[in-house]
Structures are given as C-alpha cells and as structure tokens.
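First up is the structure itself, then whatever we jot down about it.
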Amino acid sequence: DQQVKQNSPSLSVQEGRISILNCDYTNSMFDYFLWYKKYPAEGPTFLISISSIKDKNEDGRFTVFLNKSAKHLSLHIVPSQPGDSAVYFCAARFSNQGGKLIFGQGTELSVKP
Amino acid sequence: DAMVIQNPRYQVTQFGKPVTLSCSQTLNHNVMYWYQQKSSQAPKLLFHYYDKDFNNEADTPDNFQSRRPNTSFCFLDIRSPGLGDAAMYLCATSRAGGKNQPQHFGDGTRLSIL
C-alpha cells in the first residue's frame, strides 16, 4: 500500500515557465513533508519542507503548498531553469516513528532551454 | 564541509557472498538511516539507529543487518546477497530532538550481484 504517491513519472517544462510537481498521501499521521532533488549518480538533496500546521512555505524560486483536506502537496518552481532538471522526490514523516520518512516514486523534471 | 560519505560508490559481489557497505558522517547527527532504492522506485527504509538504539522495519529481510560502532559510522551488512538485493543503498542522517529536521543523504552505493 503506497502511502505517498507521485503520479507523474515525468514532466517537461520550458525554461522560464512554472514547474508544478504534485504529491498525494493517504495517512493523516504525517506531520512534516519534504521535497528532495536528485541528480544522476548523487544522493537526494533536501530542497524545501513544510509542517502539517502550515499551508505554504516559500524559499526563493521554490514554494511548497499543502492542502490537508485533500491530502495533497505540490512544489512550484518559478522561474524554471535548465539546472532544475532532476528527479524530485516527495517525502512524508510520521509524527511518532522516530523521523521515519515515506517517499514517493519521484518525478523526473526536464527544463528545456 | 560537513557531509555524509558512503563507500564504496559501486560494489560488485557474488551471489551469496557477504558484503558490507559503509557510511560515515561529519554532521554529528544522532540518527542514521539505511534506505534501499531499486530502479524507478521510491527509497525504502530498511532500519535506523537513534543513538545506539537499533530500529528495524518490519518488512526488512533478516539477510540485512546493521552496526553502528560510534556516532560517526554505520555499516550495512548483507549476509547472503541474492539477485533481488541489487539496488542503490542510501545512508542518511538527521538530528533528532529539533523541531523539524530534514534527513541528509550520502551519494549512495550501487550494489550489483553476479
């Protein structure tokens, strides 16, 4: 049973436009959500996070939105740059399991010049 | 720079031959995690150490063991690797006790089984 889902395996966006990556979850016990970025042959790099008590967190070009009623979060990248091309993983943390993260399968973003 | 280092980056072993993957960290984090990631799948938590306390996931095969001799190092031992154990193995660390602390990952070890 997949508790965190990224339904789009890939996304292609033109440079300068907005990239929107989506993530859905099923478990209401998640209290913290994170986005990681992964380049080939490297480990995931933390990008941005949001607590379950908030609905938006912004850091430069990156904004994460959380809709708790829909159990949905999204990552917006504006404007998109070719260097943003990578696999993006959504992850959710259980409130009572020692920091355990459940990851989605990832979305491969390609930003074309 | 403080970081999480995994060695080796690539490991080839024979079917059934024990193998050990290593992870070290300079972040002084008290929690260390091991994940398995197969191609095009989500990273899956195998186990983690909270200080010296070992926490195994219920569905982690008995074939997988871990050791943490000190704060800085953590090892993943696969006692009798099967073909299905070929994967990327990711080590991560975090500081527990803080409000919301992300996990920091190493670059992984890609394990191949002959």
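The values are calculated or read from the model by the stated rules, or taken from the named source; none is laboratory data. Bear in mind that the values here come from a model prediction, so they are computed numbers and not experimental data. When we count neighbours, we look across all protein chains shown, and the Cβ atoms used for this are built from the backbone with ideal geometry, even at glycine. Just the protein is used for accessible areas: all its heavy atoms, side chains included, with ligands, DNA and RNA removed. Shrake-Rupley method; radii C 1.70, N 1.55, O 1.52, S 1.80 Å.
Table: residues versus (1) within 11 Å of chain B (Cβ to nearest Cβ); (2) more than 24 Å from B:Tyr50 (Cβ to Cβ); (3) open to solvent by 50 Å² or more (accessible area, probe 1.4 Å).
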position	(1), (2), (3)
A:Phe33	yes, no, no
A:Asn67	no, yes, yes
A:Lys71	no, yes, yes
A:Gly83	no, yes, no
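Residues are listed down the side, and each one gets a yes or a no for (1) touching a residue at least 60 places away in the same chain (Cβ under 8 Å); (2) touching a helix residue (DSSP H, G or I) at 6+ places or on another chain (Cβ under 7 Å); (3) over 21 Å from A:Ser10 (Cβ atoms):
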| position | (1), (2), (3) |
| --- | --- |
| A:Pro40 | no, no, no |
| A:Phe46 | no, no, yes |
| A:Lys56 | no, no, yes |
| A:Val64 | no, no, no |
| A:Val78 | yes, no, no |
| A:Ala86 | no, no, no |
| A:Cys90 | yes, no, no |
| A:Ser95 | yes, no, yes |
(request) Determine if region A:51-69 includes at least one residue that is on the phi > 0 side of the Ramachandran plot and either of a type in the set (S, T, N, Q) or part of a loop (DSSP other than H, G, I, E, B) (or both). (result) yes
(request) Give the residue, chosen from A:Leu11, A:Leu21, that is more than 12 Å from chain B (Cβ to nearest Cβ), in contact (Cβ under 8 Å) with a residue 60 or more places away in the chain, open to solvent by 20 Å² or more (accessible area, probe 1.4 Å) and part of a strand (DSSP E or B). (result) A:Leu11
(request) Looking only at region A:86-105, count how many residues are within 18 Å of A:Lys71 (Cα to Cα), in a loop (DSSP other than H, G, I, E, B) and more than 7 Å from every other protein chain (Cβ to nearest Cβ). (result) 1
(message) Looking at region B:61-80, I want the residues that are without any contact (Cβ under 8 Å) to a residue 24 or more places away in the chain and open to solvent by 70 Å² or more (accessible area, probe 1.4 Å) and have a partner that is of a type outside the set (Ser, Thr, Tyr) and in a loop (DSSP other than H, G, I, E, B) with Cβ atoms under 7 Å, at least 6 apart or on another chain. Which pairs are those?
(response) B:Gln65/B:Arg79
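For (1) within 15 Å of the chain's Cα centre (by Cα); (2) within 14 Å of chain A (Cβ to nearest Cβ), each residue gets a yes or a no:
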position	(1), (2)
B:Tyr33	yes, yes
B:Gln41	no, yes
B:Leu46	yes, yes
B:Tyr50	yes, yes
B:Asp59	no, yes
B:Ser72	yes, no
B:Leu76	yes, no
B:Gly84	no, no
(request) Please tell me if A:Ala41 is surrounded by 13 or more Cβ atoms within 10 Å (Cβ to Cβ) and within 21 Å of B:Cys91 (Cβ to Cβ). (result) no
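Results for (1) open to solvent by 80 Å² or more (accessible area, probe 1.4 Å); (2) of a type outside the set (A, V, I, L, M, F, W, C); (3) part of a strand (DSSP E or B), shown as yes or no for each residue.
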site	(1), (2), (3)
B:Gln11	no, yes, yes
B:Tyr35	no, yes, yes
B:Gln41	yes, yes, no
B:Ala58	yes, no, no
